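One structure is given here, and the rest of the page talks about it.
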Amino acid sequence: MVRFGCRYGWSVSALLLVAGALGGCATPPRAAAPEPALALPTAWSAADQGVVPGPPLAAENWWQGFGDAALNAWVQAALQANADVRSAAAALAQARAARQAAQAALSPTLDAGVRARRQATEAASGNLFGAGLDASWELDLWGRRAAAVQAAQADAQASAATLAWTRVSLAAEVALAYFDGWSARERSELAARSLAAQEDSVRLTAWRVQAGLAPQQDLDTARASLEQTRASLAALRAAQRQALHALALLAGRAPGQVLAEPRREPPEPPPAWALPLPAQLLTQRPDVAAAQARLQAAAARLRQAEVARWPTLTLTGSLSWQAPRVTDLFDPAALTRSLAAALLAPVIDGGLRQAQQRQQEAAVEQARAALEGALLAALRDVENALVAIAAERARVQHLRAAEAAAEAALQQATQRHRAGLADLRALLEAQRTWLSVGSERVAAQAQLAAAYVRLAKALGGGWTPQAETDTVAANPKQD
């Protein structure tokens with residue numbers, strides 16, 4: 001590091017002219033504008049899967065489209081109390097404070113101080129009092145500090161988008177857990193109905209065995225089927241409780257603190273929302289926006305590393321007063337003034353700055369790859385959700401017809417068995433078919449609702465950069 005300094009006004013001006021000349025003859029290279037290298041498709045391949053598009057996804061409260069008050073209560077509770085949301089909000093506040101610190105570094109600094117000293121020699125002793133003002137300012141000749149501000153601003157944008165994505169993901173997780181709980185409860189009730197019917201069958205079979213009208217094998221078979229259903233019912237009830245525990249955790253509550261039970265009616269999802277173009281996910285997915293902001297931050301830090309090898313110019317000045325008595329401090333004769341400029345240029349650093357530049361170049365490529373990966377994941381999420389909606393809708397329709405037929409077959413088998421016109425195996429098979437088809441129908445209805453939830457998340461939950469701007473404007477204390 002070479003330092004040039006002086007304490008006279010004309011020399012300061014000369015240094016400024018030298019710095020300007022250096023800037024004119026040796027401008028450092030600038031980093032290329034960060035852009036993903038991925039070629040996005042122009043349309044969705046799954047858009048022709050029979051999904052009827054509806055209105056655009058609302059910016060907020062998309063879950064209210066299911067018309068379920070209990071679901072709304074769970075989501076609102078989670079958005080207010082979830083630990084991940086509070087952590088992301090704290091990270092955003094930290095990023096905004098870092099941005100303010102980077103902006104403050106562009107301004108001059110002024111420090112004030114007072115001093116008191118007792119000094120003594122063999123000949124005399126006395127007091128010395130002092131007061132002073134010290135100013136310092138590093139001129140941003142090459143834009144190094146401006147690049148730091150840009151990087152901090154991009155970090156703040158990434159944190160804001162991460163907070164939004166956390167909220168979108170949380171709402172989706174709550175809805176998925178809610179529909180899992182609804183499915184487990186409905187399947188439990190189907191299993192309980194089947195269990196009651198099988199208990200009747202066991203009693204009837206036991207009476208027939210005692211009367212010599214049926215073999216012991218029939219009773220053993222009926223009891224085996226009964227115990228199997230009981231085992232399934234226990235597992236389903238455990239799954240129901242676990243789903244409620246998951247909801248409580250997402251809402252920031254202890255397991256067992258139930259806010260609202262899922263409603264009895266099957267979930268009725270809204271029509272599919274209007275699909276944006278694939279390229280529009282860049283501005284509608286918070287996670288993609290966060291990855292894009294991180295790429296911008298990495299590019300800004302690369303610019304910082306590039307110009308770190310160029311000279312820096314710092315201006316300093318001070319006003320100080322020194323006197324043996326406090327009352328004499330502001331006497332004109334006690335005033336000392338100084339003005340200095342320092343032009344510092346790195347000469348030998350062992351390759352440190354070059355290594356730091358290569359490090360930031362690699363960081364830019366890493367951020368670019370992360371952005372492309374986020375885009376591909378967003379495209380996959382939308383395509384998968386569209387396929388799932390079409391498939392589950394058809395599945396529910398077919399399973400409803402199958403359930404109606406299975407219920408009719410079960411009624412006939414029950415009547416024939418009680419009349420002694422059919423053996424036990426036919427009845428047990430009809431009971432198993434009815435329970436299996438009914439459970440599958442309930443699971444399909446839950447999966448259909450879950451597919452709409454995943455589509456809402458895949459489309460960004462209705463988030464836009466303008467929504468974030470409106471949030472910041474409504475909460476100026478955060479900025």
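Cβ separations smaller than 8 Å between residues 6+ apart or across chains give no pair from region 423-436 residues that are hydroxyl-bearing (Ser, Thr, Tyr) to residues that are surrounded by fewer than 18 Cβ atoms within 10 Å (Cβ to Cβ) and not in a helix (DSSP H, G or I).
Looking at residue 372, is it within 30 Å of residue 461 (Cα to Cα), in a helix (DSSP H, G or I), acidic (Asp, Glu) and open to solvent by 20 Å² or more (accessible area, probe 1.4 Å)? Against the criterion (within 30 Å of residue 461 (Cα to Cα), in a helix (DSSP H, G or I), acidic (Asp, Glu) and open to solvent by 20 Å² or more (accessible area, probe 1.4 Å)), residue 372 qualifies. Hey, does region 389-405 have a residue that's in contact (Cβ under 8 Å) with a residue 40 or more places away in the chain and under 23 Å from residue 42 (Cβ atoms)? Looking through region 389-405, at least one residue is in contact (Cβ under 8 Å) with a residue 40 or more places away in the chain and under 23 Å from residue 42 (Cβ atoms).
Looking at region 437-451 only, could you name the residues that are touching a residue at least 40 places away in the same chain (Cβ under 8 Å) and aliphatic (A, V, I, L, M)? Matches in region 437-451: 442, 443, 444, 446, 448, 449, 450, 451.
Take residue 251 and decide whether it is open to solvent by 50 Å² or more (accessible area, probe 1.4 Å), hydrophobic (A, V, I, L, M, F, W, C) and under 30 Å from residue 446 (Cβ atoms). In short, no.
Any residue at all in region 141-158 that is more than 37 Å from the chain's Cα centre (by Cα) and either loosely packed, with under 15 Cβ neighbours inside 10 Å or farther than 30 Å from residue 283 by Cβ (or both)? Yes, because at least one residue in region 141-158 is more than 37 Å from the chain's Cα centre (by Cα) and either loosely packed, with under 15 Cβ neighbours inside 10 Å or farther than 30 Å from residue 283 by Cβ (or both). Out of 331, 381, one residue alone is among the charged types (D, E, K, R) and without any contact (Cβ under 8 Å) to a residue 12 or more places away in the chain. It is 331. Does residue 337 fit the bill of being surrounded by fewer than 17 Cβ atoms within 10 Å (Cβ to Cβ) and modelled with pLDDT under 85? Taking the combined requirement at face value, the residue satisfies it. Taking the condition modelled with pLDDT under 80 and either of a type outside the set (Gly, Ala, Ser) or touching a His at 6+ places or on another chain (Cβ under 9 Å) (or both), does residue 307 pass? So residue 307 does not fit the description; no.
The values are calculated or read from the model by the stated rules, or taken from the named source; none is laboratory data. This is a predicted model, so every value here is computed, not measured. Backbone-built Cβ (ideal geometry, glycine too); neighbour counts: all protein chains shown. Note: areas computed on protein heavy atoms with side chains; ligands, DNA, RNA excluded. Shrake-Rupley method; radii C 1.70, N 1.55, O 1.52, S 1.80 Å.
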